[in-house]
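The values are calculated or read from the model by the stated rules, or taken from the named source; none is laboratory data. Keep in mind that what you see is a predicted model, and the values were worked out from it rather than measured. Positions of Cβ are backbone-derived with ideal geometry, glycine not excepted, and every protein chain shown enters the neighbour counts.
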Amino acid sequence: MHKELSHFLRRLLLFAGFALPVYWLCIVVTGELLPQRYRENLSYLRGAYGHTFTRMQEAGATHDAGILFLGSSHTYRGFDTRIFAKHGFKTFNLGSSSQTPIHTRALLYRYLDGLNPDVVIWEVYPETFMLDGVEASLDLISNDHNDRYSAGFLLQNSNIKVLNTLLFSIYRNTIWPRYNQKEQGKKGMDTYIPGGYVERDMACFRYEAPEKPVEKVYKPSQIRAFQKSLAMLQKRHIRVILVQAPVTRGLYATFASHQAFDSLMHASGEYYNFNDIMQLDDSLHFFDAHHLNHEGVALFNRTLIKEVFEK
Amino acid sequence: MLFNSIDFAVFLPIVFVLYWFVTQGRLRLQNLLIVAASYLFYGWWDWRFLSLILFSTLVDYTVGLALKDVENQRKRKLWLLASIFVNLGLLGFFKYYNFFAENFAAAFSFFGSPIKTGSLHIILPVGISFYTFQTMSYTIDVYRRKLEPTRDFIAFTAYVSFFPQLVAGPIERAANLLPQFYRKREFSYAIAAEGMRQILWGLFKKVVIADNAADFANLIFNHSDQYPGSVLFLGGVFFAFQIYCDFSGYSDIAIGTARLFGFELMRNFAFPYFSRDIAEFWRRWHISLSTWFRDYVYIPLGGSHGSAWIRIRNTFIIFVVSGFWHGANWTFVAWGALNALYFLPLLLTRRNRMHLDIIGHGRVLPPLKETLKMLLTFTLTVIAWIFFRAENMGHAISILREIGSASLFTLPGGHHFAGTSLDPGVMFLLLGLFILAEWLGRSRPFALSHFAAHRWWGFRWFAYMMIIVLIGLFAQTTESPFIYFQF
């Protein structure tokens, strides 16, 4: 019996040894030859949206940021580094699409030493605590360098799309390190502003009736990553300011448990919920349900500076 | 625990290693490990319902022993009825209580005497229809003296809860599976390798074909009022592939997994869409359930013997009960009744056992006449699947009405499938590849064994790699449960 069993296991290992490189090769060929619509589970999106590639390149070259912004697209579309500069603050915006606390933690490990901020403003949108993080993983794997934290995304997500994209990204970064190294500053209606902010051409939001409020369930792994990052920042004596950026009233109303989330954030540190602090107009100050337009960003940033630094 | 989950990918190798290396081939220890693994596998979903499996196991174990000791026929019958009452009682409560309560209320309201019946928020325990039928087969076979009752409680518990087939079959007969728990298991390279191949093929069917077809079928059925007849018919075709690949995929993974542990489970599907009439389809579809109903319901009712009326009655009973087994909804009953209507002409003209061979055996393509018969049979099953998939009878009838209209001749376009994650062209290509593989392998236990039979290892490994790459590129990324978990 043991002879057959060991033969079986040997053959299995042999096949695995054959299958892994062949699979990788197939992913590379597919990624190079087929357009996105024909390769559903390979989502290598370098420079696709949010200017993550440019931002990460700039983050690597920036030192002593003063204030560092962290969080999802609410961050890179919500904190205009030029407004802060006018008020005498040196800042860097390290937001990325759908960035969850797990991804924030990885970015802190990658860039905190270089950026060396005195203050971190972390935009804590409740939904980022509920996400599995696949979108953020794909964004960072495609647009940032890959290290052990990329493997961590894979373990965290257990998603074939993340695996395929990581395999393809490793290939591209290794074989074609200079491929697609320049991202256009202006893409569609978005313009990248040095320092990490992405400015959207002036647009207004058409009001939509709010959906029914639903109870949100936060992922324990995201809460753990959030708490660990806070501990790490506190250990370095960095002032951490937790901020909930304004969203449209319609969207805000879909959260059934503001109080519970606010309590969690208050218990975690210095926290400001600008949905309560400010009264913005859904149509005039947003370009979609999530994101502020020029006017909204300017109002929000000035209010934040006043509330946090000038009071 | 789902077969298509990371949890199972970790669970299976651990149990495999413990089973073959740690137990050192000691039978009782292996059976005990199977019980523990099976309870963990089931409890992963909801541990509270483990008590139901244990209760069912205890009842049938006790009844089995009582049937051995009691000679009096009346008392034997009472013991059997007790077992059936408990098993069907559990099934009836968890699966059918709300259905009957609501329909009684509706019937009384219809006759002008409205009554109030309370509906309960009952969670349907996964796999209850499967393991209930499996334990009942044991008691009935012991009652019929076709099987010696077991005194080995661990072996019996392992038989009832055997994790590869616990939640969605194949519904094993005690006479086939139980004795395998008494026999010393020898690891066989050939059997285990075949098991791995079957797991791979089942996984491909589930995560690539079924889950993607489900995406298309759900889009069409959920917005059926917006589509012409041609697209609605395509929706039925997508559902036909979804349910086949989902369920037969599960069976393949179950059979393959059992093989890794030295067990041989019965075949559950034999390329049903290559059938030339409905009778052949039913010999090839969900074989373990069809034969269960045949042996324990149809034959005791008289089977195909007796007058034409008796045969008609028996056929309707078997199909309607089979439909109702799937769920507490009139759509399942209609699906069963429609299949009975398809089957009856064959039965009454005694042409129901015409096609016992494999279509186009030894040929690349089947003769034209057989091809047309096969297409007609497939069309009939698609029409029946529309009842199975529809939300209610009104929904099914509205879809069929649209299919029966002139819009059946509207050419479907890409815009009809906007919102699916996979490009329609890729979906049709995958379906085409799948049908080709199934056709080539139709004389084998499962399609991939056709490619595995090739002499050159390079060709075999190429075939496996193709499947792995297709899984990697086109598998749905969310773990979706198997359809038959709800039955």
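Observations on the structure shown:
- Residue match in the stretch B:20-29 (condition: under 24 Å from B:Ala174 (Cα atoms) and under 25 Å from the mean Cα position of the chain (by Cα)): no
- When the stretch B:414-427 is filtered for residues that are part of a helix (DSSP H, G or I) and surrounded by 13 or more Cβ atoms within 10 Å (Cβ to Cβ), the ones remaining, listed by number, are B:His416, B:Phe417, B:Pro424, B:Val426, B:Met427.
Let's see how each residue does on (1) β-branched (Val, Ile, Thr); (2) closer than 25 Å to B:Phe293 by Cβ; (3) within 14 Å of chain A (Cβ to nearest Cβ); (4) over 24 Å from the mean Cα position of the chain (by Cα):
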site	(1), (2), (3), (4)
B:Arg145	no, yes, no, yes
B:Asp152	no, no, no, yes
B:Phe204	no, no, yes, no
B:Ala217	no, no, no, no
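- Of B:Phe434, B:Phe446, B:Phe451, all but one fail to be assigned to a loop (DSSP other than H, G, I, E, B), away from every other protein chain (no Cβ under 14 Å), in contact with a helix residue (DSSP H, G or I) (Cβ under 6 Å, 6 or more places away or on another chain) and within 30 Å of B:Asp357 (Cα to Cα); the exception is B:Phe446.
- Taking (1) touching a residue at least 60 places away in the same chain (Cβ under 8 Å); (2) more than 14 Å from chain A (Cβ to nearest Cβ); (3) among the charged types (D, E, K, R) in turn, B:Glu194 satisfies each apart from (2).
- The lone exception for B:Ala390 - which of (1) surrounded by 20 or more Cβ atoms within 10 Å (Cβ to Cβ); (2) within 20 Å of B:Ser224 (Cα to Cα); (3) within 14 Å of another protein chain (Cβ to nearest Cβ) it fails: (3)
For every residue, the table says whether it meets (1) in contact (Cβ under 8 Å) with a residue 40 or more places away in the chain; (2) among the charged types (D, E, K, R); (3) outside any helix (DSSP H, G or I).
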site	(1), (2), (3)
A:Lys3	no, yes, no
A:Ser6	no, no, no
A:Arg11	no, yes, no
A:Phe18	no, no, no
A:Thr30	no, no, no
A:Ser43	yes, no, yes
A:Ala48	yes, no, yes
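- Residue match in the stretch B:352-373 (condition: modelled with pLDDT of 90 or more, closer than 23 Å to B:Ser248 by Cβ and assigned to a loop (DSSP other than H, G, I, E, B)): no
- Of the residues making up the stretch A:133-150, those that are outside any helix (DSSP H, G or I) and either within 12 Å of the chain's Cα centre (by Cα) or not charged (D, E, K, R) (or both) are A:Gly133, A:Asp144, A:His145, A:Asn146.
- Among the conditions (1) crowded, with 22+ Cβ neighbours inside 10 Å; (2) under 30 Å from B:Pro125 (Cβ atoms); (3) more than 14 Å from chain A (Cβ to nearest Cβ); (4) hydrophobic (A, V, I, L, M, F, W, C), B:Leu232 misses just one, which is (2).
- Boolean, B:Val208 is within 18 Å of B:Tyr42 (Cβ to Cβ), among the hydrophobic types (A, V, I, L, M, F, W, C), touching a residue at least 60 places away in the same chain (Cβ under 8 Å) and touching a helix residue (DSSP H, G or I) at 6+ places or on another chain (Cβ under 7 Å): no
- A:Asn157, sole failed condition from (1) on the phi > 0 side of the Ramachandran plot; (2) outside the structural domain of A:Pro117 (by TED's automatic domain parsing); (3) not hydroxyl-bearing (Ser, Thr, Tyr): (1)
- Residue ranges of helices (runs of 4 or more DSSP H) in the stretch A:158-274 with at least 2 members within 25 Å of A:Asp132 (Cα to Cα) and in contact (Cβ under 8 Å) with a residue 60 or more places away in the chain: A:160-175, A:220-235, A:258-268
- In the stretch B:30-59, the qualifying residues are those that are among the polar types (S, T, N, Q) and closer than 13 Å to B:Ala158 by Cα, and the one that is nearest to the chain's Cα centre (by Cα) is B:Ser38.
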